[in-house]
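Single-structure report; data block below.
Nothing in this text is a laboratory measurement; each read-out follows from the coordinates by a stated rule. Keep in mind that what you see is a predicted model, and the values were worked out from it rather than measured. All Cβ positions, even for glycine, are placed from backbone atoms using ideal geometry, and neighbour counts span all protein chains on display.
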Amino acid sequence: MFFRRLYFVIPDEPQAAQVVNDLETAGVGRQHMHAIAGRGATLTRLPPATERQRQDAGSRLERIAWTGDLMLFFLGLIGLIASLVWASPAGSRRPVSVKISIR
């Protein structure tokens, strides 16, 4: 079975409770739902979120992976540019001549 996280932004608790009831009617278990509210809001009729659910570790892990990918890309780009700047192409090398004089 494929699970996907869905987010709903709802203006007040009565409407949120209606959404929870609609989801339960559609077959989504209450253990698979949780509600998070801003300061001062009450969540008495809604399933509460645990501390782990509030932190959203998956999103944080994805952000860390993207940041790491971008850092590796730019390090590689800097290395490429540095190798192009400091390496001299084969055609621009000056030939070295050695002159030997025998008397």
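Computed from backbone phi, the HN-Hα couplings of the stretch 9-19 come to 9, 10, x, 8, 5, x, 5, 5, 5, 5, 5 Hz, rounded to whole numbers (Karplus: 6.51 cos²θ - 1.76 cosθ + 1.60, θ = phi - 60°; Gly and Pro given as x). Taken along its principal axes, the alpha carbon cloud of the stretch 7-55 reaches lengths of 30, 24, 18 Å, longest axis first. Compared with the direct C-alpha span, the chain from ARG52 to PHE74 gains 4.6 nm at full extension, assuming 0.36 nm per residue.
Here PHE8 and ILE64 are evaluated by their C-beta separation; at R0 = 30 Å the FRET efficiency comes out at 0.70.
Amide H to amide H distances under 5 Å link ALA35 with ALA49, where only residues 5 or more positions off or on other chains count and H is placed in the peptide plane.
Taking the Cα centre of the stretch 7-55 as origin, sum charge times position over the Cβ atoms of Lys and Arg (+1) and Asp and Glu (-1), and report the length of that vector in debye to the nearest 20. Can you show the working numbers first?
Working: 5 positive and 5 negative charges, 42 e Å.
For the stretch 7-55, the charge dipole is close to 200 debye.
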